[in-house]
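All remarks here apply to the structure that follows.
The values are calculated or read from the model by the stated rules, or taken from the named source; none is laboratory data. Since the structure is predicted, the reported quantities are computational estimates derived from the model, not experimental observations. We place every Cβ from the backbone using ideal geometry, glycine too, and count neighbours over all the protein chains shown. For the accessible areas, the whole protein counts, side chains as well, though only heavy atoms, and no ligand, DNA or RNA atoms are used. Shrake-Rupley method; radii C 1.70, N 1.55, O 1.52, S 1.80 Å.
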Amino acid sequence: MKIYYWSPFLTNIATIKSVIRSAKSVMKYKKLKNLNNVKILNASGEWDNYKNFAGIKIENMCPFSFHKFLPKTGLIKSRIAFLIIFMFNFFPLLFKIKKDKPDYLVIHLLTFLPIIQSPWLSKNTKIILRVSGLPKLTLFRKIIWKLFSNNIFKVTVPTQKTFEILKKTKVFDESKIYLLRDPAIDQEDISKKKDKPIPKKYQKKKYFLSIGRLTQQKNFSFLIKMFIKYKKLINIDFLLIIGDGEERNNLQKLIKASNFENYIHLIGFKENVYNYIKNSEAIISTAEYEDPGFVLLEAAYLKKKIITSLVANGPLEMKKNGDFCFFFKFNNEKSFVKALKKLKNNSSNKLNKAKNYSKKFLVSQHLNNLLRILN
């Protein structure tokens with residue numbers, strides 16, 4: 001049995017972890033399930049740094065890598081980049097799938113290309129559309145999905161809410177839609193990395209931590225303004241923000257204008273975030289949506305306090321499954337301050353509930369559910 005993954009990306013996003021962990025989990029069980037070939041298709045060179053990673057095969061679609069030359073930030077530039085990837089991969093993807101005839105092709109990102117090719121690809125290969133995060137159900141997307149829905153074997157979504165939303169659209173036959181939670185929690189990886197030392201200047205210090213792409217959707221400007229205004233109230237030494245993105249310069253200017261460079265640090269992308277999470281006082285998300293919210297789940301597994309905006313779909317699902325976070329209304333100062341004050345309360349019960357919930361997103365749990373869907 002052959003399983004191929006198609007997931008071109010421009011920048012470091014949670015979907016990368018999801019693809020790798022899913023492929024790794026399948027690799028571990030290949031003898032049990034008669035799997036002999038698991039590959040990630042490398043569209044532009046985006047997967048170059050992951051070659052020979054945990055035994056996963058990365059196969060180049062083009063004879064040269066051009067990922068580093070692609071524009072990556074901003075809506076228009078990213079659309080141009082995806083158009084370039086589309087053009088360079090149109091025939092390579094078509095020929096690769098028709099030649100190799102993998103049993104399954106799992107598509108995550110830039111799914112428009114394999115979907116429009118699905119009348120040809122699906123003759124010998126079952127296509128699984130993996131909806132990553134909360135999709136923007138534009139008219140164009142609905143039309144494309146509807147036109148090619150008969151060629152899609154199954155559709156998976158990461159949260160119950162997204163599952164319900166997709167069912168209501170009636171774009172896909174309801175029997176094709178499955179809830180497949182992201183493999184957000186890799187116990188082995190967390191165990192190896194959580195005790196690695198953090199920089200000395202943060203050791204034995206109290207800090208809040210926020211992690212994510214520096215984009216408007218993550219709403220870091222609100223978090224920075226709140227920290228500046230209420231630092232004395234919360235008695236915290238630092239606010240650390242891990243991640244890179246197009247909003248970095250604007251956020252840095254906001255910090256500098258308030259003379260808070262000594263207290264708010266944008267520390268860039270980190271391969272290992274578990275050690276930062278473990279040593280933090282709390283994890284904060286001010287995003288306008290999380291689906292499911294990898295960082296929130298990782299923090300829950302490590303039994304850290306979580307402050308998050310109560311938004312679709314991950315945080316809403318968390319509230320329904322135990323109310324174990326300190327929630328606040330999106331972009332609402334009063335509500336945010338109220339959550340901060342509650343943070344001081346003893347919350348051992350919340351932390352235990354949070355860890356139990358996070359186990360739904362274990363890599364092993366993902367594999368079990370994925371194998372049921374494949375069958």
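Summary table below
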{"quantity": "Test result for I144, open to solvent by less than 40 Å² (accessible area, probe 1.4 Å), of a type in the set (A, V, I, L, M, F, W, C) and touching a strand residue (DSSP E or B) at 6+ places or on another chain (Cβ under 7 Å)", "calculated": "no"}
{"quantity": "The range 344-369, residues that are open to solvent by less than 20 Å² (accessible area, probe 1.4 Å) and modelled with pLDDT under 90", "calculated": "S347, L367"}
{"quantity": "When residues of the range 90-113 are limited to those that are aliphatic (A, V, I, L, M) and either part of a helix (DSSP H, G or I) or free of Cβ contacts under 8 Å to residues at least 24 places away in the same chain (or both), the one surrounded by the fewest Cβ atoms within 10 Å (Cβ to Cβ)", "calculated": "L94"}
{"quantity": "Any hit, the range 186-204, residues being over 30 Å from N352 (Cα atoms), of a type in the set (D, E) and either open to solvent by less than 40 Å² (accessible area, probe 1.4 Å) or in contact with a strand residue (DSSP E or B) (Cβ under 6 Å, 6 or more places away or on another chain) (or both)", "calculated": "no"}
{"quantity": "Test set (1) within 21 Å of K304 (Cβ to Cβ); (2) aliphatic (A, V, I, L, M); (3) open to solvent by less than 30 Å² (accessible area, probe 1.4 Å); (4) not in a strand (DSSP E or B) - L251 fails condition number", "calculated": "(1)"}
{"quantity": "Given (1) at pLDDT below 95; (2) of a type outside the set (G, A, S); (3) crowded, with 17+ Cβ neighbours inside 10 Å, index of the condition I211 fails", "calculated": "(1)"}
{"quantity": "Top-ranked residue in the range 170-182 [being in contact with a strand residue (DSSP E or B) (Cβ under 7 Å, 6 or more places away or on another chain) and either assigned to a loop (DSSP other than H, G, I, E, B) or acidic (D, E) (or both); ranked as farthest from E298 (Cα to Cα)]", "calculated": "F172"}
{"quantity": "Within the range 233-248, tally of residues that are open to solvent by less than 20 Å² (accessible area, probe 1.4 Å), modelled with pLDDT under 95 and under 24 Å from K341 (Cβ atoms)", "calculated": "1"}
{"quantity": "Cross-chain or 6+ apart pairs with Cβ under 9 Å, the range 312-335 first and within 19 Å of L302 (Cα to Cα) and in contact (Cβ under 8 Å) with a residue 60 or more places away in the chain, then open to solvent by less than 20 Å² (accessible area, probe 1.4 Å) and among the aliphatic types (A, V, I, L, M)", "calculated": "G314/L296; G314/L297"}
{"quantity": "Checklist (1) charged (D, E, K, R); (2) closer than 30 Å to Y5 by Cα; (3) open to solvent by 70 Å² or more (accessible area, probe 1.4 Å) applied to K319, failing item", "calculated": "(2)"}
{"quantity": "Scan of the range 205-226 for residues that are in contact (Cβ under 8 Å) with a residue 40 or more places away in the chain, outside any helix (DSSP H, G or I) and closer than 16 Å to A282 by Cβ, ordered by number", "calculated": "K206, Y207, F208, L209, S210, I211, G212"}
{"quantity": "Qualifying residue in the range 359-367 (condition: over 24 Å from T15 (Cα atoms) and in a helix (DSSP H, G or I))", "calculated": "no"}
{"quantity": "Residues being part of a helix (DSSP H, G or I) and within 20 Å of the chain's Cα centre (by Cα) - total across the range 309-348", "calculated": "6"}
{"quantity": "Breaking point among (1) modelled with pLDDT of 95 or more; (2) out of contact with any Cys (no Cβ under 7 Å at 6 or more places or on another chain); (3) surrounded by 15 or more Cβ atoms within 10 Å (Cβ to Cβ), for A81", "calculated": "(1)"}
{"quantity": "Meets criteria (out of contact with any helix residue (DSSP H, G or I) (no Cβ under 7 Å at 6 or more places or on another chain), open to solvent by 10 Å² or more (accessible area, probe 1.4 Å) and at negative phi) for K304", "calculated": "no"}
{"quantity": "Output for the range 13-53, where each listed residue is within 22 Å of F361 (Cα to Cα), at pLDDT 85 or above and over 18 Å from the mean Cα position of the chain (by Cα)", "calculated": "V38"}
{"quantity": "Residue identified as farther than 21 Å from F220 by Cα, among the aliphatic types (A, V, I, L, M), assigned to a helix (DSSP H, G or I) and more than 21 Å from the chain's Cα centre (by Cα) among L370, L351", "calculated": "L351"}
{"quantity": "Selection count where residues are within 23 Å of the chain's Cα centre (by Cα) and either farther than 21 Å from E46 by Cβ or at pLDDT 95 or above (or both), scope the range 113-134", "calculated": "7"}
